[in-house]
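Step one of this worksheet: look at the structure below.
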Amino acid sequence: MSGASEAPTYPGLVRDLADRGLLTGRWRRVFEAVPRSRFVPADVWRQLPDRCEPVVGADAWLALVNSDEPVVTQLDDGVEGGPGVATSSNSMPSMVARMLGLLDVRAGMRVLEVGTGTGYVAGLLCERLGDDLVHSVELDPVVARQAAEALAQAGYRPQLRVGDGEQPWPGLGLVDRLIATCALRYVPYGLLRQVRPGGIVVAPLAREFWSGALVQLRVQDDGTAVGPFCGGATYMPMRAHRIPDLHDVRGKGRARAAGLDPARLLDLGFALFAGARLPGVRLIHQDTGGGVQVWVTRDNGSAATAATGQEVWQYGPGFLWEEIEQTWWEYESAGRPDAEQFGLTVTDRGQHVWLRDPRAVIGPGRGQFPRRPSPAPRAQARVRGDHD
């Protein structure tokens, strides 16, 4: 007998999603009727931690398409000779299933999708609701044309538009559901005005301190929208919502003894909390052999970097790492709530994160939560000169 494992198949993928509780009843039949392969172009890449790797050969292509992995379908907004950054993809089927489940569609409902991408989600919605009830907008005209061709070849003709998904669709009227399949830094209030009161919005959000969280909002009679976060979700950002690079760092490095393990900062519950308490602080990370390394910066030039088991280095004005540790103790004093205990409210004046109750808004600055001394006092910091 051969020791080679069987190649993944699309029916097997759907069965796995159903076994995991992500597809039930009608949605399972919809996924079975809409093969993912119909919406994935020939030239694709696999996303690795540090780069996008071309997928070579029909067998490798099919194996990736029939796996629960994202498939990168565009680099560098389609411009030749770029750095090779993924800018469009066909999302993980498990994530698509999660989002469609949260959308809670019913027969006869009108749905607006922001970010057509490959057309796969639009095809699933057409299979469930019918072509006339599905509307999808895509900014990139090349991506939009490819999606329209794939949808037509699969037998679906939703209402498609090339344009800025952040802006309302002229003449569309109110829809019952809105789903964003690109990451947003904030929920544009203009989009909420296209959703009827009682309607649902499902979108992935990405902010400076956290790279992706799924939110389910219900539109209220007064036009605001309120709802919980529903776990992590990593999506390609809407082009106008791309998070900027790390801020410039000023001054010489100051080292101090390790305190908080930086791996704790990656917990989504803490990231949501810290993002609200420390607006404008940018965090990125990478895995290391013994844990993680993080870099945090602020627009005033202050910065810090820390790796598991190593010293902390700080730069520029203030003591940014101490602020982060203080925020951790506040989070701990609140019971280390997980991400599902946080929620979001969106109004015509902006958006804010809350904990457990929409009235318990998490604001920036001091005073909202009990404060505890940092385990590593500022006096322990020492200047060592420039640090590479």
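The values are calculated or read from the model by the stated rules, or taken from the named source; none is laboratory data. Just so it is clear, the model here is predicted, and its values are computed rather than measured. A quick note on method: Cβ atoms are made from the backbone with ideal geometry, for glycine too, and the neighbour counts reach across all protein chains shown. Calculation scope for accessible area: heavy atoms of the full protein, side chains included, ligands and nucleic acids excluded. Shrake-Rupley method; radii C 1.70, N 1.55, O 1.52, S 1.80 Å.
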Most fluctuating of G363, G190, G275 in the GNM of the chain (C-alpha, under 10 Å) is G190
Expected field for T24, accessible surface area in Å² at 1.4 Å probe radius, rounded to 10, holds 100 Å²
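For a distance above 15 Å, tell me the whole-number percent of Cα pairs in the stretch 27-128 that qualify.
Percentage above 15 Å: 64.
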Simple spin-label estimate for A257/E32, 7 Å along Cα→Cβ, in nm, reads 6.2 nm
Residue-normalised value, i.e. accessible area per residue, for the chain at 1.4 Å probe, in Å², stands at 46 Å²
proj_area_mean for the stretch 229-368 (convex hull on C-alpha atoms), units nm², value 9.6 nm²
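When all alpha-carbon pairs of the stretch 88-149 are counted, what percent fall beyond 19 Å?
I get 27 percent for the Cα pairs in the stretch 88-149 exceeding 19 Å.
Determine, from the Cβ-Cβ distance of A63 and S333 and an R0 of 41 Å, the FRET efficiency 1/(1 + (r/R0)^6), rounded to the nearest 0.05.
Taking R0 as 41 Å, the efficiency between A63 and S333 is 0.30.
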Measuring from its Cα centre, the chain shows a charge dipole (+1 at each Lys and Arg Cβ, -1 at each Asp and Glu Cβ) which, in debye to the nearest 20, is 1080 debye
Length-normalised contact order of the chain, Cα under 8 Å, at least 6 apart, in percent, tallies to 11 percent
For the chain, the percent of accessible surface on carbon and sulfur atoms (probe 1.4 angstrom, ligands and nucleic acids excluded) is 50 percent
Between D287 and S94, the FRET efficiency computed from the C-beta separation at R0 = 30 Å comes out, to the nearest 0.05, as 0.85
Mean projected area (nm²) from the convex hull of Cα positions in the stretch 155-306 is 12.5 nm²
The equivalent-ellipsoid semi-axes of the stretch 255-326, taken as the square roots of five times the Cα gyration tensor eigenvalues and listed largest first in whole Å, are 17, 15, 10
By the Kirkwood definition, with r running over pairs of different Cα atoms, the stretch 58-207 has a hydrodynamic radius in Å of 15.9 Å
Distance in Å, no decimals, from the C-alpha centre of the stretch 98-133 to the one of the stretch 159-219 is 13 Å
Trypsin sites (Lys or Arg not before Pro) in the stretch 262-300 lying in a DSSP loop, each with at most 15 other Cβ atoms within 10 Å of its Cβ, come to none
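Looking only at Cα atoms, what is the convex hull volume of the stretch 62-105 per residue, in Å³?
Looking at the stretch 62-105, the number lands at 91 Å³ per residue.
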The relative contact order of the stretch 4-58, taking Cα pairs under 8 Å that sit 6 or more residues apart, comes to a percentage of 21 percent
Mean separation of Cα contacts under 8 Å (at least 6 apart) over the residue count of the stretch 230-334, i.e. the relative contact order in percent, is 30 percent
When the charge dipole of the chain is computed with +1 at the Cβ of Lys and Arg and -1 at the Cβ of Asp and Glu, the Cα pointing farthest to the positive end, of L205, V215, V353, is that of V353
Charge dipole of the stretch 257-369 built from unit charges on the beta carbon (Lys, Arg +1; Asp, Glu -1), centred at mean Cα; most positive-end Cα among T305, W295, P317 is P317
Sorting C182, G82, S37 by the position of each Cα along the dipole of the chain (Lys, Arg +1; Asp, Glu -1; all at Cβ), the one nearest the positive end of that ordering is C182
Square roots of five times the C-alpha gyration tensor eigenvalues of the chain, ordered largest first and given in whole Å, equal 39, 26, 19
Note on the stretch 321-366: C-alpha Rg/Rh, Kirkwood Rh, two decimals, gives 1.01
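Tell me, what is the FRET efficiency for T24 and Q153 to the nearest 0.05, using R0 = 30 angstrom and their Cβ-Cβ distance as r?
Once the sixth-power term is evaluated, E becomes 0.55.
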